[in-house]
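Presented below is the structure to which this report refers.
The values are calculated or read from the model by the stated rules, or taken from the named source; none is laboratory data. Remember, it's a predicted structure, so these values are computed and weren't measured experimentally. Cβ sites come from the backbone with ideal geometry, for glycine too, and all protein chains shown count toward neighbours. Please note that ligands, DNA and RNA were not included when accessible areas were found on the heavy atoms of the full protein model with its side chains. Shrake-Rupley method; radii C 1.70, N 1.55, O 1.52, S 1.80 Å.
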Amino acid sequence: MYKLIRVKDVVRIPPRMFTMDPKEAAKIVLREAYEGIYDKDEGVILAILDVHEISDGVIIPGDGATYHEAVFDVLVWKPEMHEVVEGEVIDVVPYGAFIRIGPMDGLVHISQLMDDYVVFDEKNAQFVGKEKGYILKLGDAVRARIIAVSEKSKIIRENKIGLTMRQPGLGKFEWIQKEKRKAESGEGE
């Protein structure tokens with residue numbers, strides 16, 4: 001889920017930035033410090049947007065920089081349990097498919113791909129459902145639900161997201177439309 005949050009923090013502005021507008025200098029320093037990290041409470045920090053307030057600086061003996069209290073807006077994305085997400089298949093491996101969902105990737109284990117017996121076709125790098133004939137391959141657009149979030153590190157790639165596509169309204173968009181048409185025509189009864 002994307003969120004816009006307001007944060008208050010202390011910013012260290014180095015002497016080389018003293019000639020700049022304090023808000024602009026703070027924005028540059030904050031972007032270098034925060035953007036692209038994973039915060040366990042807030043999620044992936046995507047962007048520092050605006051610095052609304054900045055206090056007069058304080059100099060600490062032995063350090064030529066100034067320290068300012070700043071209030072700023074941050075755009076974050078946090079994977080929430082049971083959230084429905086849409087993404088693209090970016091990799092297929094024998095045990096499942098990796099889906100790009102915003103700034104992170106999630107894994108749909110082979111057992112969670114579809115309500116069917118699924119086999120991995122290694123030659124064509126795709127999954128095939130034996131009964132329905134559904135195929136999932138690189139580049140397919142899908143809808144999935146988050147079923148597990150493992151937050152281990154500030155490094156985005158070290159955190160894991162588990163997904164499922166085995167519920168009604170989930171899966172490859174083509175499958176969803178096919179199931180919807182089938183339900184509307186009464187074939188599924």
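Taking the charge dipole of segment 6-103 about its Cα centre, with +1 at Lys and Arg Cβ atoms and -1 at Asp and Glu Cβ atoms, the residue from 51, 64, 33 reaching farthest to the positive side is 64. The modelled label-to-label distance for the pair residue 121/residue 180, using points 7 Å beyond Cα in the direction of Cβ, is 2.6 nm. Heavy-atom accessible surface of residue 18, to the nearest 10 Å², is about 100 Å², with a 1.4 Å probe and all protein chains retained. For the chain, the longest principal axis of the alpha carbon atoms and the long axis of helix 22-34 meet at an angle near 40°. Answer with one residue from 107, 1, 135: the one whose Cα lies farthest towards the positive end of the charge dipole of the chain, charges on Cβ with Lys, Arg +1 and Asp, Glu -1. Final value for the positive-end residue is 135.
Between the Cα long axis of helix 173-185 and the first principal axis of the chain there is an angle of about 50°, rounded to the nearest 10.
Only the Cβ atoms of Lys and Arg (+1) and of Asp and Glu (-1) were treated as charged; on that basis the dipole of segment 74-144 about its Cα centre amounts to roughly 60 debye.
Between residue 69 and residue 33, the simple label model (points 7 Å from Cα in the Cβ direction) yields a spacing of 1.5 nm.
The trypsin sites (Lys or Arg not before Pro) found in segment 109-144 that occupy coil by DSSP, while having at most 15 further C-beta atoms within 10 Å, are 123, 130, 132. Relative contact order of segment 84-156: 32 percent, from C-alpha pairs under 8 Å at least 6 residues apart in sequence.
Length, then width, then depth: along the principal axes, the Cα atoms of segment 1-50 run 38, 16, 15 Å. The spacing between segment 1-63 and segment 117-142, judged by their C-alpha centroids, is 46 Å. When the chain is treated as a Gaussian network with alpha carbon springs shorter than 10 Å, the biggest mean-square fluctuation among 104, 20, 165 belongs to 20.
Using DSSP to define loop residues, name the trypsin sites (Lys or Arg not before Pro) in segment 9-82 whose beta-carbon has at most 12 other beta-carbon atoms within 10 Å.
Qualifying residues, ordered by number: 40.
Assuming charge only on the beta carbon of Lys and Arg (+1) and of Asp and Glu (-1), the dipole of segment 25-146 about its Cα centre is about 600 debye to the nearest 20. Restriction of the GluC sites (Glu not before Pro) in segment 16-84 to DSSP coil positions whose beta-carbon has at most 16 other beta-carbons within 10 angstrom yields 35, 42, 80, 83.
Over the chain, Cα pairs under 8 Å with separation of 6+ residues give a relative contact order of 18 percent. Per residue, the convex hull around the alpha carbon atoms of segment 36-189 comes to 153 Å³.
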